[in-house]
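S.K.: Right, I'll just put the structure down here and ask away after.
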Amino acid sequence: METQESTLDKIRNRPRFKMFTHLSKEEYAENLKKYLTEHKDEFRGNVNKEMATITVFTKEDNYWKPCLSLRTEMDDGVTVIRGVFGPSSAVWTFFMFLYFLFSIIWMTFFTMYYVESQINSHEFPWALNASFVMLLLIAATYAAARFGQYKAKDEMQKLRNFAEDSTLKFEKNN
C-alpha cells in the first residue's frame, strides 16, 4: 500500500489523502465491512463497493464531528482509495452556504463602492466598510472550520488509522 498527501491537503477545509492497493474494489468493500464489524464499538459507517462513510463513535456530538468518506476507483489495474475528512453533510452545506452568502454580499458592497467612486457619488459611503466586514465574516467562517478541525484532531487521526489499518490488515492476508 502506498499513500499520497500534499501540503495543500492539510490546509483545506476538508483534508484529503490518497492510498493505492492491489485489492479489487469488491474485496476492499468486503474487507471494510469486516473491519467495521470487528471495531463496531469504536466506529460506525456505511460501505458499498464505490463509497464508504465512516464516523468515530463518541458520546458527545460536536458541530465538527468528523466523518471519513472513502471513494474507490480503478486506475491502471490498481485500486485508488481517496479519503476526504469532513463534518456531516448538513454542517458542510451550512458552511458552504455561509461562504457563498458572505462572498456575494462582499461583491455587492465592493461593487457599490467601486461604482460610487467612478461616478463621484456619495450615496453609499458605508459600502467599503461593509465589504471589509464581509471579509472578516468570511475569515471567521474559515476560522470556525479550522477550530472544529483542531477540536476533532484525535477523531480524525482515528479515522485515518482506520483507513490505513483496514487496508493493511487485509492486504497482508492476500
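S.K.: If we scan segment 100-108, do we find a residue that is open to solvent by 50 Å² or more (accessible area, probe 1.4 Å) and modelled with pLDDT under 95?
M.R.: no
S.K.: Continuing with this model, one more query. Can you tell which of PHE162, PHE85 is modelled with pLDDT under 95 and either loosely packed, with under 13 Cβ neighbours inside 10 Å or not in a helix (DSSP H, G or I) (or both)?
M.R.: On the way: PHE162 fails: either loosely packed, with under 13 Cβ neighbours inside 10 Å or not in a helix (DSSP H, G or I) (or both).
Exactly one residue qualifies, and that residue is PHE85.
Conditions (1) free of Cβ contacts under 8 Å to residues at least 24 places away in the same chain; (2) out of contact with any Leu (no Cβ under 9 Å at 6 or more places or on another chain); (3) on the phi > 0 side of the Ramachandran plot, marked per residue:
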site	(1), (2), (3)
LEU32	no, no, no
PHE43	no, no, no
ALA52	yes, no, no
PHE57	yes, yes, no
ALA90	yes, yes, no
ILE104	yes, yes, no
PHE110	yes, no, no
HIS122	yes, yes, no
ALA127	yes, yes, no
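S.K.: For residues that are in contact with a Lys or Arg (Cβ under 6 Å, 6 or more places away or on another chain) and either modelled with pLDDT of 85 or more or part of a strand (DSSP E or B) (or both), tally how many sit in segment 49-78.
M.R.: 5
S.K.: In this structure, does THR93 turn out to be open to solvent by 30 Å² or more (accessible area, probe 1.4 Å), within 30 Å of THR37 (Cα to Cα), of a type outside the set (Asp, Glu) and at pLDDT below 95? Before you say what the answer is, go through the steps one by one.
M.R.: Values: open to solvent by 30 Å² or more (accessible area, probe 1.4 Å): yes; within 30 Å of THR37 (Cα to Cα): yes; of a type outside the set (Asp, Glu): yes; at pLDDT below 95: yes.
Taking the combined requirement at face value, the residue satisfies it.
S.K.: Let me ask another. Do the conditions hold for ALA145, that is, is it touching a residue at least 12 places away in the same chain (Cβ under 8 Å) and touching a Gly at 6+ places or on another chain (Cβ under 8 Å)?
M.R.: Details: touching a residue at least 12 places away in the same chain (Cβ under 8 Å): yes; touching a Gly at 6+ places or on another chain (Cβ under 8 Å): no.
Here the answer is no, as ALA145 does not meet what is asked.
The values are calculated or read from the model by the stated rules, or taken from the named source; none is laboratory data. Values in this document were obtained by computation on a predicted structure and should not be read as measured data. Glycine gets a Cβ as well: all are built from the backbone with ideal geometry, and neighbour counts include every protein chain shown. With ligands, DNA and RNA removed, areas are computed over all heavy atoms of the protein, side chains included. Shrake-Rupley method; radii C 1.70, N 1.55, O 1.52, S 1.80 Å.
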